[in-house]
Amino acid sequence: MKIALVGYGKMGHAIEEIALQKGHEIVLKIDINNAADLTKENLQKADVAIEFTSPHSAVENLKKCFDADIAVVCGSTGWLEHWDEIKQYCLDRNGAFVYASNFSIGVNLFFEVNTFLAKLMNKHEEYDVSLDEIHHTQKKDAPSGTAITLAEQVLQQISRKKVWVNRISDNAEELEITSERVDPVPGTHKVKYKSSIDDIEIIHTAHNRKGFASGAVLAAEFIKGKKGIYSMKDVLGL
């Protein structure tokens, strides 16, 4: 498979390493120094684009990929206020798109555990629930996309919580998310249920970027030749 890397920072380098190990070819690498090379002609040399950039550039990058009729795997976070716009843009062009707030296979299994636990805890009102996330200092958005996914899963299941907030909160209807930025942490997420009697916690800790990179390459292999919009649940058959 021929891959275009749109975003060639630490994640892009990790994805390249995994992709080459699996026998794929990198035909385009875009970073801040050669952004002008993100053209329709160059994109069309690839079968799939893997987009890991910033909240400020992701939307336009995705549109360029759809205009080039190339399948896209996107792991950029912090841009989801444009989700409906990008979804429609993809569908209007009969595109192919996989988006995930986190491509780690372990994290996506963690999402399933989080949903199941929240269902169990809904009827036990003596437990309050909160989320903590820790990332490296280069991560610009807070809370992380992964934390938002976890929070939204909890909100869907825990009827006493109405909205998430990225701060300490004394409001019983608010789901509190705390964010820390500490080097060199790749990513840690904790969901905690606390009562006067005991605590229940589930934690996912990434040791490096290989899990994210492996999942992104797996998603690229999945989306090649397809049309439509997919998630990691589709990629992993969850």
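The values are calculated or read from the model by the stated rules, or taken from the named source; none is laboratory data. Note that this is a predicted model, so its numbers are computed, not measured. Please note: Cβ atoms are built from the backbone with ideal geometry, for glycine as well, and neighbour counts cover all protein chains shown. Surface areas here come from the heavy atoms of the whole protein model, side chains and all, with no ligands, DNA or RNA. Shrake-Rupley method; radii C 1.70, N 1.55, O 1.52, S 1.80 Å.
Condition check: over 25 Å from V98 (Cα atoms), open to solvent by less than 60 Å² (accessible area, probe 1.4 Å) and touching a residue at least 12 places away in the same chain (Cβ under 8 Å). Does V235 satisfy that? Spell out how you get there, then give the answer.
On the way: over 25 Å from V98 (Cα atoms): no; open to solvent by less than 60 Å² (accessible area, probe 1.4 Å): yes; touching a residue at least 12 places away in the same chain (Cβ under 8 Å): yes.
Criteria not met by V235.
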Exercise for the section: Among what's in region 31-46 and is in a helix (DSSP H, G or I) and of a type outside the set (A, V, I, L, M), pick the residue that is surrounded by the most Cβ atoms within 10 Å (Cβ to Cβ). Expected result: N42
Exercise for the section: Considering each residue of region 42-71, count those that are free of Cβ contacts under 8 Å to residues at least 60 places away in the same chain and of a type in the set (A, V, I, L, M), and give that number. Expected result: 7
Handout entry: Residues of region 202-212 that turn out to be open to solvent by less than 80 Å² (accessible area, probe 1.4 Å) and in contact with a strand residue (DSSP E or B) (Cβ under 8 Å, 6 or more places away or on another chain), as a count
Key = 5
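State whether the residues of region 186-201 include one that is in contact (Cβ under 8 Å) with a residue 40 or more places away in the chain, in contact with a Pro (Cβ under 7 Å, 6 or more places away or on another chain) and crowded, with 16+ Cβ neighbours inside 10 Å.
Of all residues in region 186-201, those in contact (Cβ under 8 Å) with a residue 40 or more places away in the chain come to 186-197, 200.
Then drop every residue that is not in contact with a Pro (Cβ under 7 Å, 6 or more places away or on another chain), which leaves none.
No, region 186-201 contains no residue that is in contact (Cβ under 8 Å) with a residue 40 or more places away in the chain, in contact with a Pro (Cβ under 7 Å, 6 or more places away or on another chain) and crowded, with 16+ Cβ neighbours inside 10 Å.
The rows are residues; the columns are (1) among the charged types (D, E, K, R); (2) in contact with a Leu (Cβ under 9 Å, 6 or more places away or on another chain).
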site: L131; (1), (2): no, yes
site: G145; (1), (2): no, yes
site: I148; (1), (2): no, yes
site: Q153; (1), (2): no, no
site: N171; (1), (2): no, no
site: E201; (1), (2): yes, no
Problem - Matching residues in region 77-123 - criterion: being in contact (Cβ under 8 Å) with a residue 40 or more places away in the chain, surrounded by fewer than 14 Cβ atoms within 10 Å (Cβ to Cβ) and part of a loop (DSSP other than H, G, I, E, B) - result: N94
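Which one is farthest from V217 (Cα to Cα), of the residues in region 9-30 that are open to solvent by 50 Å² or more (accessible area, probe 1.4 Å) and outside any strand (DSSP E or B)? Spell out how you get there, then give the answer.
Narrowing region 9-30 to residues open to solvent by 50 Å² or more (accessible area, probe 1.4 Å): 10, 13, 17, 20-23, 25, 29.
Add one more test, that the residue is outside any strand (DSSP E or B), and what stays is 10, 13, 17, 20-23.
Details: K10: 15, H13: 12, E17: 10, L20: 10, Q21: 11, K22: 9, G23: 11 Å.
Only one residue fits best here, namely K10.
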